[in-house]
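Worksheet for the structure shown next.
The values are calculated or read from the model by the stated rules, or taken from the named source; none is laboratory data. Note that the structure is a prediction, hence the values are computed from the model and not measured. Using ideal geometry, Cβ is built from the backbone for each residue, glycine included, and neighbour counts are taken over all protein chains shown.
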Amino acid sequence: MIAVAKKKTVAVQDVEFGDVEIEDLRAKISAEDSEIEMAAEESAEAEELELPDLDADMGTEVSAPQEWPVEPEPELPPQQQQQPAAKPAPPAPPRVEEKKPTPPSKPAAPEKSPAEIEARGSLNKFISDALRAAKPEPTNAFAKFGMNLYFAGGASVIGQSKKLSKDAQLMVLKDGLVAAGNTPERAENFCVELPSYGKNPKYTVMVQAGAKAMTHQMRGDDNANGEIGSLISEWNLPEKRPTVPSVFTFVFTDIVGSTAMTQRLGNAGAQKAVRAHNTAVRGALQAHRGREVKHTGDGIMAVFPDPISAVNATIRMQREIAAHNSANPNIEVTIRVGVNVGEAVEEDNDFFGAAVQMTARICDKATKSNIWVLQAVKDACKGQKIGFIPRGGFEMKGIQGKKPLYEIGWSDIHKNELADL
């Protein structure tokens, strides 16, 4: 029985691109350009795509081909009939050849829809034209960041016109950024941080300019990117430069069960426990080039110049807390720690960006008296005498797919577990 998959029509969802609202972008374009956008939007209505339904009924039977009747051969006269042949010798046993294991095949990448293919082609042409129009091509990090914002605005418009999902739009943008000269890691970080960039009014100038230029390109304007050179020149003016993201390593500490601790120890006892936490954390920051950003009430947010310094500092924190608990069994304090590395913007003695938010979420996932980190922190500590214990994949708000987390080995219990890995 052969199973045949059926097909059904699936409509591609129209999802907004991050926090960069296309309607907000169009509102800033002139009345003439708005009419152009409306015409382009009407002509770009995506038809429903015929996609295979993997969950369709797979039980349809196909009848086997009919066999034709075979006529019997005519009987020969006795003298012409063949005499029975001598009994043949038994055949030799077949030679058994050892089969080599077949390596598992890699799963095929999901096919891209025609709308996504068209969006990629349009964005690649947009990026190529913009880089030619911006000659000399921007080389400093600040100018490249401005160009990426410009490309994000263009990707927002083409993605919306093709009615791509949010994830599909981000993949189109990520591949476009790589084609523009960004490393895959930087392109992915940019896409992760894009929602926070869209909320910064200093960045929306470039995003809006990219959206406007893409709208003109969709209309057939061969000079859609004609203003990119002057835009980048103005973007680079020192007095107009907004703060751009840089790479930092963040640490969040959290006193576990702080409310229950206050009820158990009373206000005075709980305050002693908090002071023990503060002393251990601030001593580790001073010893490993860390900087306290702010006290959160039951924890501290800190920033470090590199992951190795941050990891060594967190190990010292936990050991100092363990020593305090041994000396003060009546005023025990338990902390958990999260460490992450990524791009963020520093303004007014604080840090903003998805990397900061991710660090807080990692800290929340950590268990009592432990230090949990992302894969990027583990990779940055290669060659160091630091043990990392895999704790599995975890869902992180705003991030596609599960992210593997690792626990840093700092105690004798961790040594035993690391020995078993």
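If Met261 passes every condition in (1) of a type outside the set (Asp, Glu); (2) over 30 Å from Lys368 (Cα atoms); (3) in a helix (DSSP H, G or I); (4) more than 21 Å from the chain's Cα centre (by Cα) but one, which one does it miss?
Going through (1) of a type outside the set (Asp, Glu); (2) over 30 Å from Lys368 (Cα atoms); (3) in a helix (DSSP H, G or I); (4) more than 21 Å from the chain's Cα centre (by Cα) one by one, Met261 breaks only (2).
Scan the range 371-400 for residues that are assigned to a loop (DSSP other than H, G, I, E, B), free of Cβ contacts under 8 Å to residues at least 40 places away in the same chain and touching a strand residue (DSSP E or B) at 6+ places or on another chain (Cβ under 8 Å) and jot them down.
If the condition is that a residue be assigned to a loop (DSSP other than H, G, I, E, B), free of Cβ contacts under 8 Å to residues at least 40 places away in the same chain and touching a strand residue (DSSP E or B) at 6+ places or on another chain (Cβ under 8 Å), then Met396 is the only one that fits.
Test Gly342 against the stated conditions and say whether it is buried (at least 16 other Cβ atoms within 10 Å of the Cβ) and outside any helix (DSSP H, G or I).
yes
Anything in the range 172-190 that is free of Cβ contacts under 8 Å to residues at least 40 places away in the same chain and assigned to a helix (DSSP H, G or I)? List them, or say none.
Selection gives Lys174, Leu177, Val178, Pro184, Glu185, Arg186, Ala187, Glu188.
Can you tell me which residue among Thr249, Thr253, Thr183, Thr204 is under 30 Å from Gly401 (Cβ atoms) and in contact with a Phe, Trp or Tyr (Cβ under 6 Å, 6 or more places away or on another chain)?
Thr249 is the lone residue from the list that is under 30 Å from Gly401 (Cβ atoms) and in contact with a Phe, Trp or Tyr (Cβ under 6 Å, 6 or more places away or on another chain).
Restricting attention to the range 348-367, does a residue exist that is assigned to a strand (DSSP E or B) and buried (at least 22 other Cβ atoms within 10 Å of the Cβ)?
No, there is no match, as no residue in the range 348-367 is assigned to a strand (DSSP E or B) and buried (at least 22 other Cβ atoms within 10 Å of the Cβ).
Does the range 289-301 include one or more residues that are under 28 Å from Gly353 (Cβ atoms), assigned to a helix (DSSP H, G or I) and either in contact with a Cys (Cβ under 8 Å, 6 or more places away or on another chain) or assigned by TED's automatic domain parsing to the domain that holds Asn328 (or both)?
For the range 289-301, residues under 28 Å from Gly353 (Cβ atoms), assigned to a helix (DSSP H, G or I) and either in contact with a Cys (Cβ under 8 Å, 6 or more places away or on another chain) or assigned by TED's automatic domain parsing to the domain that holds Asn328 (or both): absent.
Return yes when Gly297 is over 29 Å from the mean Cα position of the chain (by Cα), surrounded by fewer than 22 Cβ atoms within 10 Å (Cβ to Cβ), under 18 Å from Val256 (Cα atoms) and touching a residue at least 60 places away in the same chain (Cβ under 8 Å) and no when it is not.
no
Could you check, for the range 315-327, whether at least one of its residues is assigned by TED's automatic domain parsing to the domain that holds Met396, aliphatic (A, V, I, L, M) and crowded, with 22+ Cβ neighbours inside 10 Å?
yes
So that you can scan it fast, the table gives a plain yes or no per residue for (1) within 23 Å of Phe190 (Cα to Cα); (2) of a type in the set (S, T, N, Q); (3) at pLDDT below 95:
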site: Pro242; (1), (2), (3): yes, no, yes
site: Val251; (1), (2), (3): yes, no, no
site: Gly257; (1), (2), (3): no, no, yes
site: Ala260; (1), (2), (3): no, no, yes
site: Asp306; (1), (2), (3): yes, no, yes
site: Asn330; (1), (2), (3): no, yes, yes
site: Asp350; (1), (2), (3): yes, no, yes
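Taking the criterion of being within 30 Å of Ala134 (Cβ to Cβ), surrounded by fewer than 21 Cβ atoms within 10 Å (Cβ to Cβ) and not charged (D, E, K, R), would at least one residue in the range 250-269 satisfy it?
no
For the range 334-355, which residues satisfy the criterion of being in contact with a Ser or Thr (Cβ under 9 Å, 6 or more places away or on another chain) and of a type outside the set (Gly, Ala, Ser)?
Thr334, Ile335, Arg336, Val337, Val339, Asn340, Val341, Glu343, Val345, Glu346, Glu347, Phe352
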